[in-house]
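Working notes, structure below.
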Protein chains: 2
Amino acid sequence: MTQQSRPVYLKLRDQIAAAIIEGVYAEGEMLPSVRAFAAEQGANPLTVAKAYQQFQADGLVEVQRGVGMYVVAGAAEKLRRSEREQFLAEEWPELRLRMKRLDIDAADLLAHS
Amino acid sequence: MTQQSRPVYLKLRDQIAAAIIEGVYAEGEMLPSVRAFAAEQGANPLTVAKAYQQFQADGLVEVQRGVGMYVVAGAAEKLRRSEREQFLAEEWPELRLRMKRLDIDAADLLAHS
DNA sequence: CAAGGTGCATCAGTGCCATAATACAGCGCG
DNA sequence: CGCGCTGTATTATGGCACTGATGCACCTTG
């Protein structure tokens, strides 16, 4: 009903980013083809391509035309650093205020681990 | 250009919720009128109304037609509990996994306080 | 009663998103 | 070379959420 439905291409992007960081798609290996990943996820190949392009633009994957897209060396660490900084700089401050407002502290978090 | 990362009416909703919890809009008091708040925030009155409706549906504010919308007694605590549960049950688990993936621990958070 | 403020309903417009159907360009392999 | 696999460009279309302008019903106040 609300904005729970983030755009599909962004969901796919996050999913792929997590997989790269966790080594599911190791450096030097090939990402699933646009068509294969689309079929697997039940999405449209173009939508997958749109998600892939984000990584290509950031230099995290390398395109070999006619072959596939390969994870660049150091991509996992680069991605982790990038997202880490983004989280600490932008999300955490707001999150901190919000937790304070909702009266949530470390003990509450541990209770829900 | 109309597409922010987050819909305006949801931003307004969060902003108002925070104000209610913090007592800026005390219980029994009247919320700013739709038109007044819209002018103040540079938004459309209808967009503000959409944000207000969420609170009305949840029974946190009471509408007196022709007069205004009043904060119901106990609204602040009810809102805090609701958001608190929502955070712990839905957001925190994902956040926890994400922080682990990004190699963020308590020390990092304290460093950015 | 008249006037101004309130919320709210209706209709219309806009832009992003997702999908679809093709078509094209490059590469590897038999 | 021929075939099948890659990514990519093009165009078109439908859906849906968000936003916007106008007008109406209701209440209080003087």
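The values are calculated or read from the model by the stated rules, or taken from the named source; none is laboratory data. No experiment lies behind these values; they were computed from the predicted model shown. Methodologically, a virtual Cβ is constructed for each residue, glycine included, from the backbone with ideal geometry; neighbour enumeration extends over all protein chains shown. Surface accessibility is based on the protein's heavy atoms, side chains included, excluding ligands, DNA and RNA. Shrake-Rupley method; radii C 1.70, N 1.55, O 1.52, S 1.80 Å.
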(request) Within 10 Å of each Cβ in peptide A:104-111, how many partner chain Cβ atoms are there on average? Round it to a whole number, please. (result) 2
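Please go through the residue pairs A:Lys50/B:Lys50; A:Lys11/A:Lys100; B:Lys11/B:Lys100; B:Lys50/B:Lys78 and name each one whose alpha carbons sit more than 25 Å apart in this structure. Kindly include the intermediate steps, with their values, before the conclusion.
Working: A:Lys50/B:Lys50 32 Å; A:Lys11/A:Lys100 29 Å; B:Lys11/B:Lys100 28 Å; B:Lys50/B:Lys78 21 Å.
The answer is A:Lys50/B:Lys50; A:Lys11/A:Lys100; B:Lys11/B:Lys100.
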(message) Multiplying the sequence separation of A:Gln41 and A:Asp58 by 0.36 nm and subtracting their Cα-Cα distance, what value in nm do you get?
(response) 3.8 nm
(message) Taking loop as defined by DSSP and a crowding limit of 14 other beta carbons within 10 Å, which trypsin sites (Lys or Arg not before Pro) in the stretch A:63-107 fit?
(response) A:Arg65
(request) Give the range of the longest stretch in chain B that excludes all GluC sites (Glu not before Pro) found in loop regions by DSSP and having at most 14 other beta-carbon atoms within 10 Å. (result) B:30-113
(request) List the distances, in nm to one decimal, from the label point of B:Asp108 to the label points of the same position in every other copy, shortest first, placing each label point 7 Å from Cα along the Cα-to-Cβ direction. (result) 2.3
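Just to be sure I understand: if I project the alpha-carbon convex hull of chain A onto a plane and average over all orientations, what area do I get in nm²? Don't jump to the answer; show the numbers that get you there.
Working: hull surface 37.2 nm².
It is 9.3 nm².
Would you mind giving the average projected area, over all directions, of the Cα convex hull of the stretch B:73-113 in nm² with one decimal? The partial results should precede the final answer.
Details: hull surface 14.5 nm².
Convex hull of Cα atoms, orientation-averaged projection: 3.6 nm².
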(request) Taking a probe of 1.4 Å and counting only protein heavy atoms, give the total accessible area buried between chains A and B in Å², rounded to the nearest 100. (result) 2600 Å²
(message) Averaged over its residues, how many other protein chain Cβ atoms are within 10 Å of peptide A:79-86's Cβ atoms?
(response) 3
(request) Any chance you could list P(r) for the protein assembly as shown, counting all Cα-Cα pairs in 5 angstrom bins from zero, rounded to whole %? (result) 1, 6, 11, 13, 13, 13, 12, 11, 8, 6, 3, 2, 1, 0
(request) Would you kindly work out, in nm and rounded to one decimal, the distances from the label point of B:Gln53 to those of the same position in each other copy, ordered shortest first, with label points 7 Å along Cα-to-Cβ? (result) 3.4
